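Right, one structure below, let's go through it.
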Amino acid sequence: MDRFVRALIQWQAGSRPEPARNLPVAQLRERYSAQATQLSAGVRDAGIETKDQLIDGGDGEFGVRTYLPPTDRGRLVTYLHGGGWTVGDVDTHDPVCRRIADGLGAVVVSVDYRRAPEHPHPGPLRDGIAASEWADRAFPGRHHVIAGDSAGGALAVGISMHHRDHGGIGFAAQLLVYPPADPELRSRSAREYGSGYLSDVDDLRWYYDLYVPDPARRRDPEIDLLGADLHGLPPTVVGTAEFDPLHDEGVELAARLTAHGAVVHHVPAEGLVHGYLLMAGTVPAAGQATDNVLAALERMLASAPSAQ
């Protein structure tokens, strides 16, 4: 395990934090935001301009933050943040989106989708679909990537499936970093790394309870990604972390996408844990892993047909 990550784990163990599932959601959101702020120390601004605005999702307004890179290479990324569909926002993932915009020369539209439990499934997914359509209209003629980390990665796949099934956006690529793909959390990694590695599997189950309160709905394809029809989805970069309860789900999702005909690049991050994108400014190995997934996406976009 990376020594900086080991130090973070030891620090957390020493501070004895209350499990996420035991906290009121408002308090948990504050804690998550504070932790993200601490981890983002040292992140370079890169001279990127941003604009916050509200857009209409069809059943209510929500926010988006647009990032304009100093060097524009004709790419567009619609980004869905992680946080168990419950915590996180455009501020917690601001450093991630700045790194993507700068690294890819892409306009990034970060989606401040409405979160569970106030807005359970399919609310966040509908917001993500609406945001991707808004971004495609606002910045036409670009290679459009749908992207997300953790819960946002699962939303990204659901958005891709929606557009596939409704003749919508033809994404140039997907970027999925440590996505949840099995609501039953049945994998070996969920058992081996489900406690003591910064992301607790019992908290993950609790997030599913908030996002999809009806267990019968967890078989829906945009929730149970490993049971979904993945045909016709765009070329995909899947990033996984070695000591992550969701590691094996990401590996299996990459394999199933490949079996369903997608071009897939799996980018493992040895020695790291779930949430490493947020650690990129303070953990050197996390910064390198972030650069690795962006480099894989860069290679994929460089070989993509011209945007229409």
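Relative to one another, the C-alpha centroids of region 62-82 and region 138-181 are positioned 13 Å apart.
With N the number of residues in the chain, Rg(Cα) / (2.2 N^0.38 Å) evaluates to 0.91.
Under the criterion of Cα pairs below 8 Å and six or more residues apart, the relative contact order for region 54-148 equals 40 percent. Size descriptor for region 37-86, Kirkwood hydrodynamic radius: 13.7 Å (Cα pairs only, one decimal). Extending each Cα 7 Å along its Cβ direction at ALA302 and GLU49, get the distance between those two points in nm, one decimal. Distance between the two pseudo-spin positions: 2.9 nm.
Taking the Cα centre of region 1-100 as the origin, how large is its charge dipole in debye, to the nearest 20, when only Lys and Arg (+1) and Asp and Glu (-1) carry charge on their Cβ atoms? Show your work: numbers first, answer last.
Values: 13 positive and 13 negative charges, 125 e Å.
Charge dipole of region 1-100: 600 debye, to the nearest 20.
Put simply, the amide H of HIS266, placed in the peptide plane, has neighbours under 5 Å in VAL238, leaving out anything fewer than 5 places away on its chain.
Determine the gain in length on full extension of the stretch GLU18-ARG219; use 0.36 nm per residue of separation and subtract their C-alpha separation, reporting nm with one decimal.
Numbers: separation 201, 0.36 × 201 = 72.36 nm, distance 3.04 nm.
Contour length minus the Cα-Cα distance gives 69.3 nm.
In a shell of Cβ-Cβ distance under 15 Å around THR86, excluding THR86 itself, what net charge do Lys and Arg (+1) and Asp and Glu (-1) give? Every neighbour counted, the sum reads -4. Remark on GLY57: its backbone amide H falls under 5 Å from those of PHE62, a criterion applied only to residues 5 or more positions apart or on other chains, H modelled at 1.01 Å from N.
The chain: longest stretch without exposed trypsin sites (Lys or Arg not before Pro) (DSSP loop, at most 15 other Cβ within 10 Å), sites themselves excluded?
Numbers: sites that count: ARG44, ARG73, ARG186.
Formally, the longest exposed-site-free interval is 187-308.
At 0.36 nm per residue, minus the direct Cα-Cα distance, what do GLN288 and ASP56 gain on full extension? Give it in nm, one decimal, please.
Numbers: separation 232, 0.36 × 232 = 83.52 nm, distance 3.67 nm.
Going from the current span to full extension adds 79.8 nm.
Residue exposure proxy: THR240, THR71, THR50, ordered by other Cβ atoms within 10 angstrom of their Cβ from fewest to most, comes out as THR71, THR50, THR240. The length gained by stretching the chain between HIS260 and ARG186 to full extension, at 0.36 nm per residue less their Cα-Cα distance, is 24.4 nm. Shape summary of region 158-308, radius of gyration then Dmax from alpha carbon positions: 15.8, 47 Å.
The P(r) of region 1-103 has a tail past 17 Å containing 65 percent of all C-alpha pairs. Neighbours of GLU18 by Cβ distance under 12 Å: Lys/Arg scored +1, Asp/Glu scored -1, total +1. In a Gaussian network model over the chain where Cα atoms closer than 10 Å are linked, find which of ALA130, ALA26, ALA228 has the largest mean-square fluctuation. Looking only at ALA130, ALA26, ALA228, the largest GNM fluctuation is found for ALA26. Binning all Cα-Cα separations of region 140-182 at 5 Å, short to long from zero, yields these whole-percent fractions: 6, 25, 28, 22, 13, 4, 1.
The radius of gyration of the Cα set in region 97-199, together with its Dmax, comes out at 15.2, 46 angstrom. Which is farthest toward the positive dipole end of the chain among LEU297, ILE55, ALA228, measuring Cα position about the Cα centre, with Cβ charges +1 (Lys, Arg) and -1 (Asp, Glu)? Of LEU297, ILE55, ALA228, it is LEU297. Global size of region 227-308: 13.8, 40 Å for Rg and Dmax (C-alpha atoms, Rg to one decimal, Dmax whole).
The charge dipole of the chain, taken about its Cα centre with unit charges on the Cβ of Lys, Arg, Asp and Glu (plus for the first two, minus for the last two), comes to roughly 420 debye.
So for region 25-164, Kirkwood radius off the Cα pairs, Stokes-Einstein at 20 °C and 1.002 mPa s: how many µm² s⁻¹? Translational diffusion coefficient: 143 µm²/s.
Each value in this text was obtained by applying a stated rule to the coordinates, not by laboratory testing. Note that the structure is predicted; figures quoted are calculated from it, not measured. When we count neighbours, we look across all protein chains shown, and the Cβ atoms used for this are built from the backbone with ideal geometry, even at glycine.
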